[in-house]
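For reference, the structure discussed in these notes is given below.
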Amino acid sequence: MKKKDVFLTLIAIAALFGVACFVQTEMDSYIRRIVNLCLVYAIIGLSMNLTNGFVGQFSLGQAGFMAIGAYVVGIFTVPVELRPNVFYAAPMNPLIADIQMPLWLALIAGGLLAALVAFLIGTPVLRLRGDYLAVATLGFSEIIRIWITNAQSITNGALGIKDIPPLNDVRYIFLATAVTFIFIALLINSSYGRAFKAIREDEIAAEAMGVSLFWHKNLAFMISAFFAGVGGGLYGALLGTVDPKNFLFTLTYNFLLIIVLGGMGSITGSMLGAVIVTAGLEFLRVFDEPLMLFGMDIPLFRPGFRMVIFSALLMACVLFWRHGIMGTSELTWKNIRAFCKNPFSFFGRKGAER
Amino acid sequence: MEFFQAIANMSGDSLAQHLANGISLGSLYALIAIGYTMVYGILLMINFAHGDIVMMACYFAFFGITVFHIPWYITFVGVIIATAILGVVIERTAYRPLRDAPKNSVLISAIGASFLLENLANYLFSGRPMRFPNIELLSQNISIGGIQIQAICLVIPVITIISLVVLLHIVNHTKTGMAMRAVSKDYEIARVMGVDIDKIISITFIIGSSLAAIGAIMWGIRYPGITPMMGVMPGLKCFIAAVIGGIGNIKGAVLGGFILGLGEILIVAFFPQLSGYRDAFAFIVLIVILFYKPTGLLGEKTTEKV
Amino acid sequence: MQTVKKGQITLKMKKILSALLASAVAMSLVAGCGGEKKEDAKASDVIKVGVFLPLTGDNAAGGELELRGIKLANKLHPEVLGKKIELVVADNKSDKAEAASVAARLIEKDKVSVIVGSYGSSLSMAAGNIVKDSKVPAVGTSCTNPQVTANNDYYFRACFIDPFQGTVMANYAFKQGAKKVAIVQEVSNDYAVGLAKFFKEAFIKLTGDENSIVEIANYQTGDKDFSAILTNIKAKNPDAIFAPGNFTESALLVKQARQLGIEAPFMGGDTWETQEFIDVGGKDVEGVALSTAFDREKATTPEAKKFLDEYVKEYKGEPSALTAMAYDAYLIAIDGIKRAGSTDTVKIRDAIAATKDLECVTGMTTLDKNGDPIKGAVIKTVKDGKFTFLDFVEAK
């Protein structure tokens, strides 16, 4: 990356921060919520892309790591005096009943805990390949959820936790997303990133070249879990409440769609994917509302239609547009300049590369 | 300690009842797991939509009997045919275009197909549960000694065993079966040797989906609530059963189904306080099995080719 | 050769697909613009009420039943303050993140004066902070978790809460002479866990015997096979089984219990009172006891009669308590607007908080300081495939 480009990137981030400030102060809470959700989903999409897109390990455990992060935030940020109210069915375990943390600390703690769990689970599971890994990680995220449901004195079980101090400030969430983005971008462009990609392309060749499969897969898995935990914590704080049903394994599919749409192995793609999926789902909402067209009530439009369209789009995307928006390339300044010079040949070239 | 106490306290009747429950559940898992294993054996992909095919088959049966008042024995044949067609349609649209794509793309497509079927069912049939048609002959109660079971629970293991025998015959002693094994061993070479890959895969999907339909009918009679999401958990568990037994291996799928079914029942029988963790059992067994024997109990050992 | 052909097909499909996509976008644009135009024309002479319900996803069944109640109420009470009431129906997809966005959308984009809903406490809680921050009152339909209204001045509800219902059923079980009770709870459902907990406490207090609850068994939402927990329970031979939970799972649970030869009566909560419970359970659910908020025979208010007549005309069959509760939630909201005399949301909140002796379907409604109604419970049973009145319990 040239010096000029680094400078440009910093300016772009600063400009986007300006936009975030504008959204925070000038826009209504509906827009703010959508923007916040886009940003949080971007963090989790990035984290998922690290294992699935860059290291090529198909993991479906994101919901479980999010649950860990969200619950650490849920358990430790609720003000102590409000806790008896929340844990009205079974009193909280006295060991943790009086520990209260500020949000930022709880977010980091949640991320670290998720990374620790990822290390423990990754050691046996990451030896598996392809579909086996997918099902094992999915199963693990279900185990976490079932444990949370049953451990009532720690997590309040199915009753969920309420009164998490609300965080609805676009600026903070933007900063968290920016930090995630920069960290993962630097990681991908370091020697670790090259090792990750080597594993993705060919495990056996990578190992022969002296790349430690165990160490690199585990490292990526832990970093991914850390950011998924932080993202989960932000998700919990954004909603102000968490309960185990939030973290059904189907939640992971949202992020799968984001990274598939954005391009597996493209971090700017994940950002775009998060925005398109979140905003797109809101946009598709018109399909759920009854539609009067030329005085006729079209019976096709009723609740549920939106989700049919949404899943059909996902299918179409996988079938006809397998590489997503970005493929494995990035939205870099070089590419943007090339695009500005000659948009048609740019796409032609990219098509050929695929 | 508690474990032995639980056994000591358990009367003979209770234990026999638990075993009967376990065998009935296990054979149901086994029946659906065979479908999974068939598809995996040929295509080397998890057909995530298999559980949702089961769900659709239940709705077909509901519409046939409850809405259109077709006699059940005719409906069931119709359900099997309709489900087989659905399976082939899914294969043609969602999997065939990706035949030469990376495995992860196929996996995502399978997840997408499952998601689409669920949303479609929710949209078309609404989220309210419907009752699977009652067939008095099969749902009546029978009491043998101190054990109470439903007639269907005696039928399911028999059907599972019959399916197993028929399938083993098809795979091992027919020309189609030979072609299936060839495709499963090496896809490219089978193609070069003149095997019509598309046809073999379609046949596999017809067999797998028909088994899903039979499983769905059994499932529906035993647990008669039909909802759009009903296929998700059974789908996952039966897949796990197939993995435990060694995916791709038909006998293994049946073995895995029984291990999972009996295990789920017996863990609640011996440790009643763990009943809330029952659904986690399948996943824990999965991870343990994959750790110690990644190819499953009856799976062949394979080495990754360079 | 073959690959070329395949490529062409894919290309064709791509074209068809993009045409479809384009038309979908065009259609939604038409829909969007059409909707907005309508709003502009009538903005001043309608009052908007947001309907916040799960119409897809796991809780879709409950959401649909409640939507019926709200639509019926809107049909019978279409005006307030001389203006037409417009329902803005929003689906929260049984998903919390979605619920929060939808609540914000109702408030900011649709500018509703008051929100009615939701079915499912966790969905209501996800909207809790939003209604509180934007100072728009919400009246819950059947969110029974005490946390929904606790510490939130802007959330009210039309249903009674878990502690009350659990206690009512414990009293009933005790009155029926039960000495040993087994509990089967849907452990992933906040409603079931809440009811079970208060049932247990009340029952132990009534019998004075710590061991009067002989077994607490758990299952997860979506489970279908209950034979193992039921076989355990059969061995303990309880006098009654309290099994709060979702109606689909509960119906299968009762069915399987009967198949195993368990004859002890089953008891549950108001979620059971749906036609689907009887449809799925069939003759096996005959004789179960459940607590609920409303019954035709106990319907004392003229409003209830109107509701029943209209329901039979519109949907046929018997209305479930969920439908009645949603109807009441709408009435509470509209009554608030009427007494506030304006669409100022803070004034509406104050008016709703002061609701006293409002004539509703489920009886005269008064809200306490938490925003929860003080009302009695009805105990019903299933007889000949119909919900039948058993007993009435006064509110304390």
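Derivation of every value follows stated rules applied to the coordinates shown; laboratory data play no part. The structure presented is a predicted model; accordingly, all values stated were derived computationally and were not measured. Every residue, glycine as well, gets a Cβ built from its backbone with ideal geometry; the counts of neighbours run over all protein chains shown.
With labels modelled as points extended 7 Å from the Cα through the Cβ direction, what inter-label distance (nm, one decimal) is found for C:D384 paired with B:K199?
In this crude label model, C:D384 to B:K199 measures out at 6.3 nm.
Cut-off under 17 Å on the C-alpha distance; same-chain residues fewer than 8 positions from B:K175 excluded. Which aspartates and glutamates are left, in chain and number order?
Cα-Cα hits under 17 Å: B:D186, B:D196, B:D198.
Quickly estimate the mean residue ellipticity at 222 nm for chain C, helices only: each DSSP H run with n ≥ 4 gives -39500 (n - 2.57), and the total goes over all residues, rounded to 500.
For chain C, the value works out to -16000 deg cm²/dmol.
Amide H neighbours of A:F58 under 5 Å, counting only residues 5+ apart in sequence or on other chains, H built in-plane at 1.01 Å?
A:G130
When Rg is the radius of gyration of the Cα atoms in the protein assembly as shown and Rh is its Kirkwood radius, what does Rg/Rh come to? Don't skip to the end; give the middle numbers.
On the way: Rg = 28.6 Å, Rh = 30.0 Å.
A ratio of 0.95.
Quick one: 3J(HN,Hα) in Hz for region B:171-182, Karplus 6.51/-1.76/1.60 with θ = phi - 60°, rounded, Gly and Pro as x.
For region B:171-182, the Karplus curve yields 5, 8, 10, 10, 5, 4, x, 5, 4, 4, 5, 5 Hz.
If one takes the longest principal axis of the Cα atoms in chain C, at what angle in degrees, from 0 to 90 and to the nearest 10, does the Cα axis of helix C:2-42 lie?
90 degrees
Treating only the Cβ of Lys, Arg, Asp and Glu as charged (+1, +1, -1, -1), what charge dipole size does chain A show about its Cα centre? Round to the nearest 20 debye.
That gives chain A a dipole magnitude of about 1040 debye.
Once region A:1-137 is represented by equal point scatterers at the alpha-carbon sites, with solvent omitted, what log10 I(q)/I(0) does the Debye formula produce at q = 0.10, 0.18, 0.20 Å⁻¹?
-0.55, -1.13, -1.16
Using +1 on the beta carbon of Lys and Arg, -1 on that of Asp and Glu, and nothing else charged, what's the dipole of chain C about the Cα centre, debye to 20?
Taking the Cα centre of chain C as origin, the dipole is about 1080 debye.
D for chain C, whole µm²/s, Stokes-Einstein with Kirkwood Rh over alpha-carbon pairs at 4 °C and 1.567 mPa s: what number?
After rounding, the answer is 58 µm²/s.
Using only alpha carbon pairs under 8 Å that are at least six residues apart, calculate the relative contact order of region C:163-292 and give it in whole percent.
27 percent
In whole Hz and in residue order, list the ³J(HN,Hα) couplings for region C:86-94 that follow from phi through the Karplus curve 6.51 cos²θ - 1.76 cosθ + 1.60, θ = phi - 60°; x for Gly and Pro.
Calculated HN-Hα couplings, in order: 10, 7, 10, 8, 10, 8, 9, 6, 6 Hz.
Pick out which of A:K341, A:K217, A:K245 has the largest mean-square fluctuation in a Gaussian network model of chain A, springs linking Cα atoms closer than 10 Å.
Of the options given, A:K341 has the highest mean-square fluctuation.
Counting only complete DSSP H runs, which helices of chain A cover 18 Å or more along their long axis at the Cα atoms and score a mean Kyte-Doolittle of -1.0 or above?
Helices meeting the span and hydropathy rule in chain A are A:3-26, A:29-49, A:62-77, A:103-125, A:130-150, A:170-188, A:213-239, A:250-262, A:267-283, A:305-320.
Which one, B:Y59, C:V80, B:L154, projects farthest toward the positive side of the charge dipole computed for the protein assembly as shown from Cβ point charges (K/R +1, D/E -1)?
B:Y59
Which is farthest toward the positive dipole end of the protein assembly as shown among B:I32, C:T301, C:N232, measuring Cα position about the Cα centre, with Cβ charges +1 (Lys, Arg) and -1 (Asp, Glu)?
So the residue furthest toward the plus end is B:I32.
What number, rounded to the nearest 500 deg cm²/dmol, is the helix-based mean residue ellipticity at 222 nm of chain B, given -39500 (n - 2.57) per DSSP H run of at least four residues and division by all its residues? Walk me through the numbers on the way to the answer.
Values: 13 runs with 215 residues, N = 306.
Value at 222 nm, helices only, nearest 500: -23500 deg cm²/dmol.
Peptide C:97-103: average number of partner chain Cβ atoms within 10 Å per residue?
6
Mean shadow of region C:163-292, computed from the convex hull of its alpha carbons, in nm²?
Quarter of the Cα hull surface area: 6.7 nm².
Would you tell me the mean number of C-beta atoms belonging to other protein chains that fall within 10 Å of each C-beta in C:213-223, as a whole number?
Neighbouring Cβ atoms belonging to other protein chains average 6 per residue here.
Across 10 Å bins from 0, what is the distribution of all Cα-Cα pair distances for region B:2-292, in whole percents?
Reading the bins upward from 0: 6, 27, 34, 22, 8, 2, 0.
Let me know the mean shielding of A:276-287 by other chains, meaning the per-residue number of their Cβ atoms within 10 Å of its Cβ. Working shown, then result.
On the way: counts 0, 0, 2, 0, 0, 3, 5, 4, 3, 8, 8, 4.
Partner-chain Cβ atoms within 10 Å, mean over residues of A:276-287: 3.
For region B:38-112 and region A:182-241, what is the separation of their Cα centres, given in Å?
First find each Cα centre; the distance between them is then 36 Å.
Angle, helix C:162-175 long axis vs. longest principal axis of chain C, Cα atoms, 0 to 90°, nearest 10?
Between the helix axis and the principal axis of chain C, the angle is about 30 degrees.
Determine the relative contact order of chain C: mean sequence separation of Cα pairs under 8 Å and six or more apart, normalised by residue count, in whole percent.
Normalised by residue count, the contact order of chain C is 16 percent.
As a test of the formula, what do you get for chain A when each DSSP H run with n ≥ 4 contributes -39,500 (n - 2.57) and the sum is divided by the residue count, at 222 nm and rounded to the nearest 500 deg cm²/dmol? Working shown, then result.
Working: 17 runs with 246 residues, N = 354.
Counting only the DSSP helices, I get -22500 deg cm²/dmol.
Using a simple charge model, +1 on the beta-carbon of Lys and Arg, -1 on the beta-carbon of Asp and Glu, nothing else, what dipole does chain B show about its Cα centre, in debye to the nearest 20? Write out the running numbers ahead of the final one.
Values: 18 positive and 15 negative charges, 93 e Å.
The dipole magnitude comes to about 440 debye.
For helix C:121-134, report the angle its Cα long axis makes with the longest principal axis of the Cα atoms of chain C; keep it between 0 and 90° and round to the nearest 10°.
Helix C:121-134 sits at roughly 50 degrees to that axis.
On full extension of the chain, what length is gained from B:Y73 through B:K175, given 0.36 nm per residue of separation minus the C-alpha to C-alpha distance? List each step's numbers first, then the result.
Details: separation 102, 0.36 × 102 = 36.72 nm, distance 3.08 nm.
The span from B:Y73 to B:K175 would gain 33.6 nm if fully extended.
Provide the per-residue ³J(HN,Hα) series for region C:219-235, in order, calculated from phi with Karplus coefficients 6.51, -1.76, 1.60 and θ = phi - 60°, each as a whole number of Hz, with x at glycine and proline positions.
9, 9, 3, x, 5, 10, 10, 10, 4, 5, 5, 5, 5, 4, 5, 4, 5
Along the charge dipole of region A:3-353, which of A:I188, A:N246, A:W104 sits closest to the positive end, that is, farthest toward it, with unit charges on the beta carbon of Lys, Arg, Asp and Glu (+1, +1, -1, -1)?
A:I188
Would you mind estimating how fast region A:3-353 diffuses translationally, via Stokes-Einstein at 4 °C and 1.567 mPa s with the Kirkwood radius over Cα pairs, in µm²/s?
The estimated diffusion coefficient comes to 60 µm²/s.
Once R0 is set to 51 Å, what does the formula 1/(1 + (r/R0)^6) return for the Cβ-Cβ distance between A:N335 and B:K185, expressed as a FRET efficiency to the nearest 0.05?
For R0 = 51 Å, the calculated efficiency reads 0.70.
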